[in-house]
Every structure is written in structure tokens, then in C-alpha cells.
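All of the numbers you see were taken from the coordinates with simple rules; none came from a lab. Just so it is clear, the structure is predicted and the values come from calculations on it, not from any experiment. Note: ideal-geometry Cβ built from the backbone for every residue, glycine included; neighbour counts use all protein chains shown.
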């Protein structure tokens, strides 16, 4: 729709796994190297590749299939929501192993396991390796994973006869960390977790796909827009495709040839919904309000207790400060005897020289 408007031959951001648009970042190359090591030189066991949804696990798997050695047969299972019996049947079907039911009634594990073991021994004898790839392996139950472990018991003195590659989302790692799957975890010979693209890799990814789509003019995304695409997509390739495609469509609808960060934000709201940061704030807002209210109440209670405990001491201090001026005023108001009166009193009580009391002196003029 918008391809000719931007000078493109094709729409560059389809989520279909078109090999023409393959972009191998450093992380994707490392993941592929781990898988190739497990398939070519490990001699059997499990190889584990995990990554976020849309991180490019299928892209790496396709690259692996293109580089599988010639003398190697591959069975690929993309829908692993199976029982252990259904899984064995599917493995036999993928390897084109004929089987039959020895007893009437329901099939048994032995009906599939025996012919599969015979097939693996025969192919090993003629120098062929066998690889079983299971995509979306996080959907496997613990019982099915244990059955897969038992399949790796098919071996010779030199090597195991079946190489199993498990590809899944991050929860697959948590599953293999369970105590009941310890034996399987110990048979993982190579593992890699595929992370998201960095900001610079996101810009390279956008330029790469635009170039493959035939862009002959300037990049329609500004630097700030590409930075915003990385932020809102979190560097996940599938999210980058969805966001970049909608941003180009939005710019085309507005009749502008340059995608800025505002157009990216609008496209992100249409594709992903509100900004994840806003959603996170909304999720924690009730908790934050409750916590703030609790903190305020606790602070108020502490202040009340402090005031209640301080009041007696405060009242005593106030009483003491009030009593001090009163005592000082009373002391200042008490009469002080005159010095003459004191001297007369002393003379009246003083004994005479003859040992008797002296008579009072007559006033002058008497």
C-alpha cells in the first residue's frame, strides 16, 4: 500500500519468515553456532535454544536447517502438545519409520520404540546422523520430556544415535531446572538464550530490511524515530516489524515522507496499546496510594505518641517556669527590718555592768 510512496519495491516489514530479509545479528550468529556445534560434533544428547517471543528463534532454526550436513536426516516437530505415545508416533512418521501394532487394541510405546531403535542403528551403520528438532518445546509436559530423555538412551559404545534440539520460550529453562528433570538437564550439551537486539542493532535491522525492499532514497525513519522504535519494541524483531510497518502506514496516511517519534508513538499505541510504562504505573498506583496512606498514618501516630509522652515533661517545665517568677516576687515583697530597730532591740536585752538589767534611757529633755 505504502511501498511506492516511500520508493520501495516491497513492503519491508512483513512478519512472514521471508529468507530474503534474514538479518543475523551477533546474538543470532552465536545461537546458530551453538546449534551447529550440537548437531555436528557433540555425539548426541540435547541442544537447547530459548528466547523471548518474536526474538528470532525460528529464523535461527531455518538457518540451521540450511546448514545441516548432507549425511544427516532431520525430523521437525512444530506442534509438541502431544502425549508420550503420540510423540513417538510422530517421530516415527517424520523419520519415515514403518511400524505395526503387535497386539490388538491400543498401541503401546514398544510398538514405536522398537522400530525406531532399529532404524537408528541401521542409519548409524551407514554413517548417517539423525536430528530431532522440536519447536515450541515449552509446551512439552514433564512426562513427554522424560520420554525424550529415554530416546537418548539409544546409543552405541561410541555415541548416541539421536540428537535432539529443543527450541522454546524462556519458561523452558525453568522446566529443565525442576528436580524431576535433573537427568535430562545433565544431558544438555549446548544451550543458548537468544536476547533482544540492541539499539544500534535495531537501527541496522531497519536499514537492512529497507535496503532489501529496494529503498533507493533517504531512510524514512529519523534517528529519534528509530530510537523510539527500539524502546517500544524492546528490541524484539517481530515487534519491530509490527511497529515499523504501522508507522510507515501512518506516515503515508498523513502524507509525510519522514517518520518522526510522534508517528511512532501513535503507531505503538495502535499496535501494542498504551505505553507499558504507563500500564505499569497504573498497576502499581493503588498499591502506591495505599502505601503512602499507611506511611502517613504511621507518621501521624508516631507524632501523637511523641507528643503524648512529652506533654507531662512539658507541663512540669511550664509549672516550674511559672512558679519561679512568683517566688521571686514574694521574696521581693517581704519587709526588711530597719537597722536602728535591730540595734535598739539588742540594747534592750543587753545586761548591765552590775549584773542587773539596765534601765531604759530617758528621752532627751526629760
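For segment 140-152, a residue qualifies if it is part of a loop (DSSP other than H, G, I, E, B) and within 16 Å of residue 168 (Cβ to Cβ), and the qualifying residues are 140, 141.
For segment 113-139: of the residues being under 45 Å from the mean Cα position of the chain (by Cα) and assigned to a loop (DSSP other than H, G, I, E, B), which is surrounded by the fewest Cβ atoms within 10 Å (Cβ to Cβ)? Within segment 113-139, the match that is surrounded by the fewest Cβ atoms within 10 Å (Cβ to Cβ) is 128.
Only a single criterion out of (1) outside any loop (DSSP other than H, G, I, E, B); (2) crowded, with 20+ Cβ neighbours inside 10 Å is not satisfied by residue 265, namely (2). List every residue pair whose Cβ atoms lie under 6 Å apart, where the two residues are 6 or more positions apart in sequence or sit on different chains, the first residue falls within segment 241-256 and is without any contact (Cβ under 8 Å) to a residue 24 or more places away in the chain, and the second residue, located anywhere, is buried (at least 23 other Cβ atoms within 10 Å of the Cβ). From residues that are without any contact (Cβ under 8 Å) to a residue 24 or more places away in the chain, the pairs are 250/263; 250/267.
Taken together, the residues in segment 246-260 that are surrounded by fewer than 20 Cβ atoms within 10 Å (Cβ to Cβ), in a helix (DSSP H, G or I) and touching a helix residue (DSSP H, G or I) at 6+ places or on another chain (Cβ under 9 Å) amount to 4. Would segment 143-157 turn up any residue that is within 11 Å of residue 48 (Cβ to Cβ) and touching a residue at least 40 places away in the same chain (Cβ under 8 Å)? No - not one qualifying residue is present in segment 143-157.
Taking each residue of segment 219-234 that is part of a helix (DSSP H, G or I) and looking for partners that are surrounded by fewer than 17 Cβ atoms within 10 Å (Cβ to Cβ) with beta-carbon atoms closer than 6 Å, six or more apart or interchain, yields 225/260; 230/199. For segment 182-193, the condition holds for at least one residue, the condition being that it is part of a helix (DSSP H, G or I), surrounded by 15 or more Cβ atoms within 10 Å (Cβ to Cβ) and without any contact (Cβ under 8 Å) to a residue 24 or more places away in the chain.
Scanning segment 42-65 for residues that are farther than 30 Å from residue 203 by Cα, surrounded by fewer than 18 Cβ atoms within 10 Å (Cβ to Cβ) and more than 29 Å from the chain's Cα centre (by Cα) turns up at least one hit.
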